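J.: Mind looking over this structure? Questions follow.
Bear in mind these aren't lab numbers, they're just calculated from the coordinates by the rules spelled out. Small disclaimer: the values here were computed from a predicted structure and weren't measured. Here the Cβ positions follow ideal geometry from the backbone for every residue, glycine too, while neighbour counts run over all protein chains shown.
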Amino acid sequence: MLKRLGVKKGDRVCIYLPMIPELAYAMLACARIGAVHSVVFAGFSSRSLVDRITNAGCKIVLTADGGYRGAKTIDLKGIVDEALTECPDVEKVVVVNHIGSEPPMIYGRDLSWQSEFEKANTTCEAEEMDAEDLLFILYTSGSTGRPKGMVHTIGGYMVYTDYSFRTAFQYKEGQVYWCTADIGWITGHSYIIYGPLSAGATTIMFEGVPSWPDWSRFWQVVERHKVNIFYTAPTAIRALEKAPLSFVDNSDLSTLQVLGTVGEPINEEAWHWYDKHIGKGRCPIVDTYWQTETGGFMLSPIANVTKTKPGFATFPLPGIQPVIMNEGGLEVTGNKVEGRLAIQFPWPSMARTIYGDHQRFKDTYFSTFPGKYFTGDGCKRDEEGYYRITGRVDDIIIVSGHNLGTAEIESAIDEHSAVCETAVVGYPHDVKGQGVYAFVICYDKPREEDHLRGEIIETVAKIIGPIAKPDKIQFVSGLPKTRSGKIMRRILRKIAEGDTSNLGDVSTLLDPTVVDEIKEGAL
Ligand code: 7RM
């Protein structure tokens with residue numbers, strides 16, 4: 001179908017689909033004909049879609065009339081239509097009829113997936129590819145606000161997703177595996193599609209949400225499909241933990257053998273709940289630490305081999321060489337140490353570049369510690385050599401396991417006409433891991449704060465997507481800035497965390513008095 005529409009080896013194809021089988025077909029079809037897929041999470045706004053389509057130079061978009069989110073539907077085709085008013089190079093849009101909403105179709109541009117599919121040839125030779133040819137681009141947040149198109153290639157990515165999937169989960173032939181991530185994120189690429197399928201596993205795709213029609217949804221799916229390996233995120237575990245236990249106990253979870261977690265540090269309480277109530281104390285928990293950039297697991301227990309420790313991603317997978325660095329750029333050796341996590345030797349599935357900006361790739365990942373890959377995460381190695389990730393050391397916040405750049409949210413908030421300047425930081429959030437706290441300066445003192453808050457939240461949802469909505473918005477008259485104009489986020493982070501006792505040295509600030517005002521108004 002793609003070939004008939006003129007897609008050739010090396011062309012970039014934008015995929016904006018909900019979690020339906022056509023999404024998997026589309027990715028694998030691209031791989032087979034040598035086209036490069038760029039999957040955009042179907043929760044992203046039209047603006048985010050414009051940026052990603054433009055950056056990758058996509059001429060074709062695969063989408064659906066809509067998607068489901070619990071009881072609601074999302075008008076995906078409408079979002080694509082809006083985006084394409086700013087993407088003149090897109091020639092074709094192929095639309096899956098999924099919710100039956102029959103959206104308006106633009107003659108000559110929009111095509112029905114179902115009818116195009118019928119016209120397609122039933123055989124299609126696989127394109128011969130070089131190991132280093134592009135397989136896909138996947139965008140991740142950067143600290144500047146411009147998303148980075150991480151590039152993964154054919155050979156190494158396939159080798160490593162297959163290897164790491166088999167190794168960490170100790171996958172055995174015939175097992176049923178379920179990863180609850182969305183394919184719009186790297187976890188879905190590597191561990192719903194490529195890794196498990198390459199290993200021959202049965203992989204489950206789930207279009208729903210954990211809370212609808214009620215909080216037993218995940219456990220019903222485990223029972224119905226006799227899931228053996230279950231892989232989810234701490235944010236989901238924390239949300240599920242808040243629901244009454246009867247939602248868990250009504251389902252038969254006896255087929256479960258291995259549990260996994262990914263996306264952010266898992267707090268001990270959630271780890272124990274997961275272990276006790278889901279694993280019934282008999283399933284190892286593999287806490288897999290990795291990134292969009294790494295393509296596959298860097299640190300992870302090996303199920304039933306590694307002795308686990310709550311909150312620890314334990315050890316590197318065989319082949320991976322982590323190092324802990326201090327701020328002076330020197331390696332910290334031995335145990336009971338803390339610093340920044342770098343990887344000192346390449347591995348098969350590492351990203352090869354940022355699409356269209358190799359210099360930025362070098363600057364972001366290879367300049368902090370020359371000759372090494374810098375993860376951007378803080379890390380501890382305990383007395384037994386176990387690794388524990390302590391969180392980001394840069395301007396990235398992880399909300400419900402999703403990477404968001406503070407700069408990206410700031411520039412979205414700044415789009416509101418009443419807003420003059422914004423600083424965004426993360427703060428600990430019960431369910432989401434980190435919440436978004438925005439300090440906002442308006443041109444005029446807002447008369448109706450709550451009304452303006454609502455508008456700002458809507459602005460962010462529209463520009464980036466609902467996941468980036470600020471949880472707290474504090475209106476301030478100034479921000480703590482250094483003389484060179486840099487916002488001292490360290491101070492704002494402390495205030496957002498509710499810890500104002502020791503804000504450290506504020507003497508280098510241009511105007512130290514703003515700090516008192518911000519402290520008083522803290523939410
Ligand atoms: C897979 C994924 C990457 C960032 C990473 C970390 C954080 C991911 C863990 C974790 C502690 C984990 N890719 N992170 N896994 N922190 N323990 N097991 O999430 O590119 O979207 O995010 O996520 O900060 O740098 S990602």
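J.: Can you check what the net charge comes to around E241, using other residues whose Cβ is under 14 Å from the Cβ of E241 (Lys, Arg +1; Asp, Glu -1)?
T.: Counting the neighbours of E241, the net charge comes to -1.
J.: Once you list every other residue whose beta carbon is under 12 Å from the beta carbon of I99, what net charge do they have if Lys and Arg are +1 and Asp and Glu are -1?
T.: Spelling it out: positives minus negatives among the neighbours equals -1.
J.: Using 10 Å bins from zero, what percent of all Cα-Cα pairs in the chain falls into each bin?
T.: 4, 18, 28, 28, 17, 5, 1, 0
J.: Something else: Do any cysteines of the chain lack a neighbour Cys whose Cβ is under 4.7 Å away, and which are they?
T.: C30, C87, C124, C179, C283, C379, C420, C442
J.: By how many nm would the segment from D214 to K336 lengthen if fully extended, with 0.36 nm per residue of separation less the alpha-carbon distance?
T.: 39.5 nm
J.: Roughly how compact is region 58-145, stated as its Cα Rg over 2.2 N^0.38 Å to two decimals?
T.: 1.34
J.: Residue by residue through region 229-235, which ³J(HN,Hα) values in whole Hz follow from phi under the Karplus form 6.51 cos²θ - 1.76 cosθ + 1.60 (θ = phi - 60°), with glycine and proline marked x?
T.: Computed from phi, the couplings for region 229-235 are 10, 10, 10, 9, 10, x, 4 Hz.
J.: As a footprinting exposure proxy, order L2, L17 by other Cβ within 10 Å, with the fewest listed first.
T.: Ordered from fewest to most neighbouring Cβ atoms within 10 Å, L2, L17 come out as L2, L17.
J.: Taking a ≥ b ≥ c as the square roots of the eigenvalues of the Cα gyration tensor of region 160-308, is the shape rounded (a/c under 1.5), prolate (a/b larger than b/c) or oblate?
T.: rounded
J.: Let me ask something additional. Is the shape of region 1-74 rounded, prolate or oblate, going by the alpha carbon gyration tensor and its root eigenvalues a ≥ b ≥ c, with a/c under 1.5 for rounded and a/b larger than b/c for prolate?
T.: It is oblate, given that a/c is not under 1.5 and a/b is not larger than b/c.
J.: Mind sorting C283, C420 by how few other Cβ atoms lie within 10 Å of their own Cβ, fewest first?
T.: C420, C283
J.: Can you tell me the dipole magnitude for region 373-523 around its Cα centre, using point charges on the Cβ only (Lys, Arg +1; Asp, Glu -1), in Debye to the nearest 20?
T.: Approximately 280 debye in magnitude.
J.: What is the set of long-range amide H partners of G391 at a cut-off below 5 Å, with H atoms built 1.01 Å from backbone N?
T.: Result for G391 returns G378.
J.: Going down the list K445/K494; K3/K372; K226/K380; K309/K462; K3/K172; K148/K472, which pairs span over 29 Å between their C-alpha atoms?
T.: Distance filter (> 29 Å) returns K3/K372; K226/K380; K309/K462; K3/K172.
J.: Could you compute Rg(Cα) / (2.2 N^0.38 Å) for region 431-470, with N its residue count?
T.: Taking the Cα Rg and dividing by 2.2 N^0.38 Å, one obtains 1.27.
J.: For the pair L197 and R493, how long in nm is the line joining their label points, each one 7 Å along Cα→Cβ?
T.: Roughly 3.9 nm, to one decimal.
J.: Could you give the C-alpha radius of gyration of region 355-462 expressed as a fraction of 2.2 N^0.38 Å, taking N as the number of residues it contains?
T.: Ratio of Rg to 2.2 N^0.38 Å for region 355-462: 1.37.
J.: Mind jotting down a quarter of the surface of the convex hull over the alpha carbons of region 288-389, in square nanometres, one decimal?
T.: The Cα convex hull of region 288-389, projected and averaged over all directions, gives 6.5 nm².
J.: D for region 255-303, whole µm²/s, Stokes-Einstein with Kirkwood Rh over alpha-carbon pairs at 10 °C and 1.306 mPa s: what number?
T.: 139 µm²/s
J.: Determine the calculated [θ] at 222 nm for the chain from helices alone, applying -39500 (n - 2.57) to every DSSP H run no shorter than 4 residues and normalising by the residue count; nearest 500 deg cm²/dmol.
T.: The per-residue figure over the chain is -7500 deg cm²/dmol.
J.: Additional query: Work out, step by step, the length gained on full extension between R32 and Y443: first 0.36 nm times the residue separation, then minus their alpha carbon distance; give nm to one decimal.
T.: Gain on extension, R32 to Y443, equals 142.6 nm.
J.: Hey, how much of the P(r) for region 1-151 falls beyond 29 Å, as a percent of Cα pairs?
T.: Value for region 1-151: 13 percent of Cα pairs lie more than 29 Å apart.
J.: Let me ask something else about it. Please list 399-405, 266-272 highest first by mean number of surrounding beta-carbon atoms within 10 Å per residue.
T.: Ranking, from highest mean packing down: 399-405, 266-272.
J.: Which whole-number percentage describes the relative contact order of the chain, with Cα contacts under 8 Å and a sequence gap of 6 or more?
T.: Answer for the chain is 11 percent.
J.: Just to confirm a number: summing +1 for Lys and Arg and -1 for Asp and Glu over residues other than A270 whose beta-carbon lies under 12 angstrom from that of A270, what do you get?
T.: Computed value for this residue: -4.
J.: Compute, for region 233-386, the length of the dipole vector about the Cα centre, with Cβ point charges of +1 (Lys, Arg) and -1 (Asp, Glu) only. Units Debye, rounded to 20.
T.: 240 debye
J.: Any idea what the dipole of the chain comes to, in debye rounded to 20, about its Cα centre with Lys/Arg Cβ at +1 and Asp/Glu Cβ at -1?
T.: The calculation lands at about 860 debye.
J.: Can you put H451, H277 in order of Cβ neighbours within 10 angstrom, beginning with the fewest?
T.: So the residues, fewest neighbours to most, are H451, H277.
J.: Could you rank the peptides 168-181, 105-118, 209-222 by their average count of other C-beta atoms within 10 Å per residue, with the highest value first?
T.: Peptide ranking by packing, descending: 168-181, 209-222, 105-118.
J.: Across 5 Å bins from the origin, how do the percents of Cα pairs in region 80-224 run, short distances first?
T.: Taking every Cα pair in region 80-224, the percentages come to 2, 7, 11, 12, 16, 19, 17, 11, 5, 1, 0.
J.: Still on this structure: Taking amide hydrogens as modeled 1.01 Å from N in the peptide plane, which residues meet the under 5 Å criterion relative to V332, leaving out close sequence neighbours?
T.: I324, M325, N326
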